[in-house]
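The values are calculated or read from the model by the stated rules, or taken from the named source; none is laboratory data. Model, not experiment: these values are computed from the prediction. Please note: Cβ atoms are built from the backbone with ideal geometry, for glycine as well, and neighbour counts cover all protein chains shown. Keep in mind that these areas ignore ligands, DNA and RNA; they rest on the heavy atoms of the full protein, side chains included. Shrake-Rupley method; radii C 1.70, N 1.55, O 1.52, S 1.80 Å.
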Amino acid sequence: MIARGLLSPDLYDYDFENDPIATLNRLRDEDPVHWSRHGFWYLTRYEDCATVLKDPARFSSMAAGWGGANPLAQARTAGAQSSAEQGLSRTLAQSFNQMDAPDHTRIRGLVMSAFSKRSIEERRPRIQTVIDELLDAAAAKGEFDLITDFAFHLPIIVASEIIGIPSADREQFRAAFERTAALMAPKRSDESWAAALEAGRWVGRYVRDLIAERRASPRDDLISALITAEDSDGVLSEPELSSAISTIYTAAGTTTERFISSGLYLLLAHRDQWRRLVEDRALVAPAIEEILRFHHPTQSTSTNRRCVVDVEMGGKTLRAGDTVRVGLGAANRDPAVFPDPDRFDIDRRPTVPALSFGAGPHFCIGSALARFEARLTIEAVANRWPDLRLLTESPVKDPRRHDRYREIIVSAR
């Protein structure tokens, strides 16, 4: 029988998503290896989280579901609820972040060239142009929203151009892709679940059509490069290609938006640290690392693994087949690793890295690009508006958009 902790927070509740820190801190103190009401283990200590991420022999990424309350997890077993759920479940299983070696290694190797430091540096002029154009438009308003006027657009434009999504389709693809986030959580209502399923089917159709278009007329983009790899001795299958595009879009686009907007908010909310950074740009790099530690882009969520064998952890037995969710935001606030962890401090120099981009073989492929975009953004804002004022003192999360603030209004006047 699976041991259960004393606490039973709803890890999908909006109040938790809006402000998870108190709950995560209590879980770490009282029940760090926590069996959740949603049917998975939830880890909050840095050491436990790092162990799981770095040990694919005991903790597999294959079929790492979302707990029994999620219909897509149920769709992987007999008696699935619908053929649509079965189809999406199979598609998600083809994503290389749901794979172990050697398949994960093979596909990741094909993708990584587009996200190498050299490739990113070559994109510097274009990324800088996008930043400048967005800030020009924001400046004309005087007061503007860091999210909808800037951070919402930058990483999506860059990611779409790397992948090969046409600019005319960018917003529609983004909106549909965003609606699919509901598929990674328990079913909240028939209506919201049906909308998410339809969005998932639309994204699948769009990607397949785009692949067919690039196959007929290749361009200088990642889709065309992956098609070439697919055609070379069957290195990449069609389902793997489709799923890889969605995985890359998530890694390079949607989470980076939250990283940049939250980072600017934290710096502007700590005026003394912002002023020091404006005067000393050597502080930009450590500030970025502290932003990642203090406010993980998906602070209330986690990354999933599946136990391959029975594992003893925190005095409990995690059984083979159990889903384990690694709380990256919680690990980054572990006082055993980061002294005074609830204090934002750009002078912090930790002896171990934060787990914001994961660890081990699944370390985030978009990490270098995200850091690069954040650095150019912070430097550009500091150059333009050293006295930029924060008008939104206490931003709240948007319940319609997972882990994203509703608005962060600033004044450049």
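Looking across segment 178-198, the residues that are closer than 24 Å to residue 13 by Cβ, open to solvent by 30 Å² or more (accessible area, probe 1.4 Å) and either at pLDDT 90 or above or more than 22 Å from the chain's Cα centre (by Cα) (or both) come down to 189, 190, 191, 194, 195. Note on segment 199-229: among residues that are within 15 Å of residue 113 (Cβ to Cβ) and acidic (Asp, Glu), the one that is most open to solvent (accessible area, probe 1.4 Å) is 220.
The criterion of being open to solvent by 10 Å² or more (accessible area, probe 1.4 Å), more than 20 Å from the chain's Cα centre (by Cα) and either within 27 Å of residue 382 (Cβ to Cβ) or among the β-branched types (Val, Ile, Thr) (or both) holds for residue 133. Listed by first and then second residue, the pairs linking a residue in segment 192-212 that is in contact (Cβ under 8 Å) with a residue 12 or more places away in the chain to a residue that is open to solvent by 30 Å² or more (accessible area, probe 1.4 Å) and acidic (Asp, Glu), with Cβ atoms under 9 Å apart and 6 or more places separating them unless they lie on different chains, are 199/178; 206/169; 208/238; 210/169; 211/238. In segment 374-395, of all residues being assigned to a loop (DSSP other than H, G, I, E, B) and open to solvent by 10 Å² or more (accessible area, probe 1.4 Å), the one that is nearest to residue 278 (Cα to Cα) corresponds to 386.
Restricting segment 22-46 to residues that are without any contact (Cβ under 8 Å) to a residue 40 or more places away in the chain and in contact with a helix residue (DSSP H, G or I) (Cβ under 9 Å, 6 or more places away or on another chain) leaves a set whose member that is surrounded by the fewest Cβ atoms within 10 Å (Cβ to Cβ) is 23.
Looking at this structure, is residue 57 open to solvent by 70 Å² or more (accessible area, probe 1.4 Å), aliphatic (A, V, I, L, M) and modelled with pLDDT of 95 or more? In short, yes.
Of all the residues that make up segment 338-359, how many are open to solvent by less than 40 Å² (accessible area, probe 1.4 Å) and not polar (S, T, N, Q)? Qualifying residue count for the region: 11. Restricting attention to segment 136-164, the residues being open to solvent by 40 Å² or more (accessible area, probe 1.4 Å) and not acidic (Asp, Glu) number 6. Just one of (1) surrounded by fewer than 20 Cβ atoms within 10 Å (Cβ to Cβ); (2) under 20 Å from residue 39 (Cβ atoms) fails for residue 307. It is (1).
The selection criterion, being open to solvent by less than 50 Å² (accessible area, probe 1.4 Å), at pLDDT 95 or above, in contact with a Phe, Trp or Tyr (Cβ under 9 Å, 6 or more places away or on another chain) and not acidic (Asp, Glu), does not hold for residue 317. Please tell me if residue 371 is open to solvent by less than 20 Å² (accessible area, probe 1.4 Å), at pLDDT 95 or above and within 30 Å of residue 100 (Cα to Cα). No. Can you spot a residue in segment 142-161 that is farther than 24 Å from residue 223 by Cβ, in a helix (DSSP H, G or I), touching a residue at least 24 places away in the same chain (Cβ under 8 Å) and β-branched (Val, Ile, Thr)? Yes, segment 142-161 contains a residue that is farther than 24 Å from residue 223 by Cβ, in a helix (DSSP H, G or I), touching a residue at least 24 places away in the same chain (Cβ under 8 Å) and β-branched (Val, Ile, Thr).
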